[in-house]
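Heads up: the structure comes next, in structure tokens.
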Amino acid sequence: MLATLPLPSPVPFAVSSEILPTTVPDNAPEHCPGTESTLAGKTSACDGCPNQETCAEGPKGPDPDLPVIKARMESVKRKVLVLSGKGGVGKSTFTAGLAWALAADEELQTGIMDVDICGPSIPLLMGLENSTIHTSASGWSPAYAQDNLAVMSIGFMLPRKSDAVIWRGPKKNGLIKQFLKDVEWGDLDYLVVDTPPGTSDEHLSIVQYLKEAGIDGAVLITTPQEVALQDVRKEIDFCRKVGIPILGIVENMSGFVCPSCKGESEIFIPSTGGAQAMAQELGIELLGKVPLDPRIGMTCDKGLSFLDEYPESPATVAYLDIVDRIRTLLGDE
Amino acid sequence: MTSEGQVPRSLSNVRHILLVLSGKGGVGKSSVTTQTAMALVNKGFNVGVLDIDLTGPSLPRMFGVELHQIHQSRAGWVPVTVYPRTETRGSLSLISLGFLLGSRSSSVVWRGPKKTAMIRQFLSDVVWTGTLDYLIIDTPPGTSDEHIAIAEELRWAQPLDGAIIVTTPQQVATADVRKEINFCKKVGFEIVGVVENMSGFICPHCAECTNIFLSGGGEALSKQLDLPYLGNIPIDPRFVEMVETQSDENKLIDLYEKCELKPIVEGMVTKVLEQNKPARI
């Protein structure tokens, strides 16, 4: 579409098909060798570029932090991303549920990394609202929701809960890098990464930084209505572009059972067939559907595990089935 | 591109600017934007809607204009006209990145600087037709690049009417919304009021109202922070149904006439109008 649309002003802009950050800046001259190239600043294309000198001087080669991250991540067996194009579909709730379910097995060590920098919900959901993190010579120690459940989030670092983190991309990327590089995760069987909505800096960074260590898969969360599915399609497109295996889709808030009359109704109407139809269309597994249970929200606000509090809820059953399926897909069961 | 100190070009014929913000995603910013826009149109105002949620633009779908395209004129980009002006209603036009994307499933994977450039372009190269009474800016969740960019651009577009803050009742949402309010204070956006969305669900079987996400969080928040409270909007599955079933013959704005949310949103819009904010031009 865009290729045919002449741009009214000279802002460098094209719908991105180059995904993982290349090292060629948007406004670079044609044939720029890339800032990390050994030829940076030295080719004929660099002549006249205002950054020629800087490029010629700077350190070359790939990001020196990547091997450090790889070494740190060697003690983590499985790395799972929880993604969704749309906000408020239940990524954090699902992340928390997945982690609580995994940690119910005392043999397993589980970690949650919250890379939602501007709206971290994980501390509240895990009952760690007032926790802070400790720094030691070997790095930051995560907070613990229970003995085998480590949690890391920017929420632990804010002086006050209501402080807004007004950061542009590069600063967020720096913190994510530190979460991977400097946090003493220890031996983990699972690291579940909760992400913000969308497909932007945080997502690119986590993929880029874990490129060497490897991501085992992504779980996509959606709600049944088309507006949400539309954004999930974008997220699937993103996963395919950057090469993250998709474990499957979870349809959250799928139907509501009225507590007084037990009548079932659809709050978010699956006018286009919901996640089921989309999963089929795109050849992705539907891991399960989680019905809305008003008690989920209540336990979340209290930082308790919904699965422990209401084991009889249909939502709990759905959650546990999904967690089993994820473990099977990862080859752990 | 706007230069320092100048009113962004696209805003020169805009009388009032409202932003719709929320720290948390999925609380209904776009649905509040849609309904507020329709309420203003119903009052006879010419309304423009600018969608700066670049990685997840949902407004084209909300207004049923997904397949439309932005046209290019010599002066700049021409927004999509959702509803033309009629005797009783004002006009409604929309600009969104969604229109520039090839297919509805392609993702926009942009880092910050690119998003900032795009927002600047939206504010300088879009030619709104005639004079707009209201420009409503729908934002993505969070307090990051898009928000900083829009705040920077709007610095030269004072006075603004301010921001409508959308929240849902549960604590997880109000916690994020507090951050957004702090952001507004930092960048000097006035807060027009707080809206609590998804406040209860009316069971279609027994008409019992269940508070899926508890209730009252938004009102408590606005009281505590001394902000105007605009009201609460319950969940109405029929509104979502209207959005999904609208067509050229059955326009959303006509379907909306029968929606139970309409009087609620109109009440909120009246509260905003009663604040009598000065017009920019």
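Averaged per residue, what accessible surface does the protein assembly as shown expose to a 1.4 Å probe, in Å²? Provide the component values of the computation, followed by the final result.
Values: 23580 Å² over 614 residues.
Accessible area per residue, the protein assembly as shown: 38 Å².
Among the chymotrypsin sites (Phe, Trp or Tyr not before Pro) found in region A:150-239, not one is both in a DSSP coil and sparsely packed, with 13 or fewer other Cβ atoms within 10 Å of its Cβ.
When you filter the trypsin sites (Lys or Arg not before Pro) in region A:118-205 for DSSP loop state and at most 16 other Cβ atoms inside 10 Å of their Cβ, you are left with A:Arg160, A:Lys161.
Of the trypsin sites (Lys or Arg not before Pro) found in region A:37-144, those that fall in a DSSP loop while having at most 16 other beta-carbon atoms within 10 Å are A:Lys42, A:Lys60. In whole percent, and with a 1.4 Å probe on the protein chains, what portion of the accessible area of region B:177-242 is carbon and sulfur? About 49 percent, which is the carbon plus sulfur part of the accessible surface. The shape of the protein assembly as shown comes out oblate: with a ≥ b ≥ c from the C-alpha gyration tensor, a/c is at least 1.5 while a/b does not beat b/c.
Looking only at the protein assembly as shown, where both bridge partners belong to it, what percent of the DSSP beta bridges are antiparallel (to the nearest 5)? Expressed as a percentage, antiparallel bridges in the protein assembly as shown total about 20.
Contact residues in region B:60-79 by the 50 Å² criterion (accessible area, 1.4 Å probe, full protein complex versus chain alone): B:Arg61, B:Gln72. If you take the Cα centroid of region A:151-174 and the Cα centroid of region B:11-89, the two points sit 31 Å apart.
Counting only heavy atoms of the protein chains and using a 1.4 Å probe, A:Val68 has close to 70 Å² of accessible surface. Can you tell me how region A:65-329 classifies by the Cα gyration tensor, rounded, prolate or oblate, using a/c under 1.5 as the rounded cut? Prolate. Across region B:9-271, the relative contact order, built from alpha-carbon pairs under 8 Å that are at least six residues apart, equals 24 percent.
Let me confirm one metric for peptide A:118-128, namely the mean number of other chain beta-carbon atoms within 10 Å of its residues' beta-carbons. Walk me through the numbers before you get to the answer.
Numbers: counts 13, 15, 3, 7, 1, 1, 5, 1, 0, 0, 0.
Rounded to a whole number, the mean comes out at 4.
Burial of accessible area (probe 1.4 Å, heavy atoms of protein chains only) in region A:140-184, relative to its chain alone, reaches at least 40 Å² for A:Ser162, A:Ala164, A:Ile166, A:Arg168.
Classify region B:1-157: rounded, prolate or oblate, from the alpha-carbon gyration tensor (a ≥ b ≥ c, eigenvalue square roots; a/c under 1.5 rounded; otherwise prolate if a/b is larger than b/c)? Rounded shape, in that the Cα axes give a/c under 1.5.
For peptide B:148-160, what's the mean number of Cβ atoms from other chains within 10 Å of each residue's Cβ? Please report the intermediate quantities before stating the final value.
Details: counts 3, 1, 0, 1, 0, 0, 0, 0, 0, 0, 0, 0, 0.
Shielding by partners across B:148-160 averages 0.
Put +1 on the Cβ of each Lys and Arg and -1 on the Cβ of each Asp and Glu in chain B; which of B:Phe63, B:Ile150, B:Ala39 then has its Cα farthest toward the positive end of the dipole? Value: B:Ile150.
Taking Cα centre as origin and charging only the Cβ of basic (Lys, Arg, +1) and acidic (Asp, Glu, -1) residues, the dipole magnitude of chain B rounds to 680 debye. Among DSSP bridges having both ends in region B:9-271, what percentage is antiparallel? Round to the nearest 5. Bridges in region B:9-271 that DSSP calls antiparallel: roughly 20 percent. Chain pair B, A: how much accessible area is buried, both chains summed, with a 1.4 Å probe, in Å² to 100? Summing both sides, the interface buries roughly 6100 Å².
A straight line joining the Cα centroids of region A:249-306 and region A:73-128 runs 19 Å. Among the cysteines of the protein assembly as shown, A:Cys32, A:Cys46, A:Cys49, A:Cys55, A:Cys118, A:Cys239, A:Cys300, B:Cys184, B:Cys209, B:Cys259 have no other cysteine beta carbon within less than 4.7 Å of their own.
Please give the Cα centre distance for region B:217-251 versus region B:117-144, rounded to the nearest Å. That distance is 22 Å.
Within 10 Å of each Cβ in peptide A:266-272, how many partner chain Cβ atoms are there on average? Round it to a whole number, please. Write out the running numbers ahead of the final one.
Working: counts 4, 7, 3, 8, 1, 5, 1.
What the average comes to for A:266-272 is 4.
Ignoring any ligand, DNA or RNA, what whole percent of the accessible area of region A:231-333 comes from carbon and sulfur when the probe is 1.4 angstrom? So the carbon and sulfur contribution to the accessible surface is 52 percent. Sorting the segments B:65-72, B:21-28 by their mean number of nearby beta carbons within 10 angstrom, highest to lowest, gives B:21-28, B:65-72.
Here the label points at B:Glu66 and A:Ala56, each 7 Å from Cα along the C-beta direction, are separated by 5.3 nm in the simple model. In this Cβ point-charge picture (+1 for Lys and Arg, -1 for Asp and Glu), the protein assembly as shown has a dipole of about 1600 debye about its Cα centre.
Which value in deg cm²/dmol, rounded to the nearest 500, describes the helix-derived mean residue ellipticity at 222 nm for chain B, given -39,500 (n - 2.57) per DSSP H run of n ≥ 4 and division by the residue count? Write down the numbers at each step before the final one.
On the way: 9 runs with 93 residues, N = 281.
Taking each H run of at least 4 residues, the total per residue is -10000 deg cm²/dmol.
Helix A:91-103 and the long axis of chain A differ in direction by around 70°, with both axes built from C-alpha atoms.
The lysines whose alpha-carbon is closer than 16 Å to the alpha-carbon of A:Lys211, local same-chain residues fewer than 8 away aside, are A:Lys70, A:Lys77, A:Lys79, A:Lys177, A:Lys181, A:Lys241.
How big is the charge dipole of chain A about its Cα centre, in debye rounded to the nearest 20, if each Lys and Arg gets +1 on its Cβ and each Asp and Glu gets -1 on its Cβ?
Dipole of chain A, to the nearest 20 debye: 600 debye.
Counting only DSSP beta bridges whose two residues both lie in region A:65-329, roughly 20 percent are antiparallel.
The values are calculated or read from the model by the stated rules, or taken from the named source; none is laboratory data. Just so you know, these numbers come straight off a predicted model, no measurement behind them. Quick reminder, even Gly has a Cβ in these numbers, built from the backbone with ideal geometry, and neighbours come from all protein chains shown. The accessibility values were calculated without ligands, DNA or RNA, using every heavy atom of the protein model including side chains. Shrake-Rupley method; radii C 1.70, N 1.55, O 1.52, S 1.80 Å.
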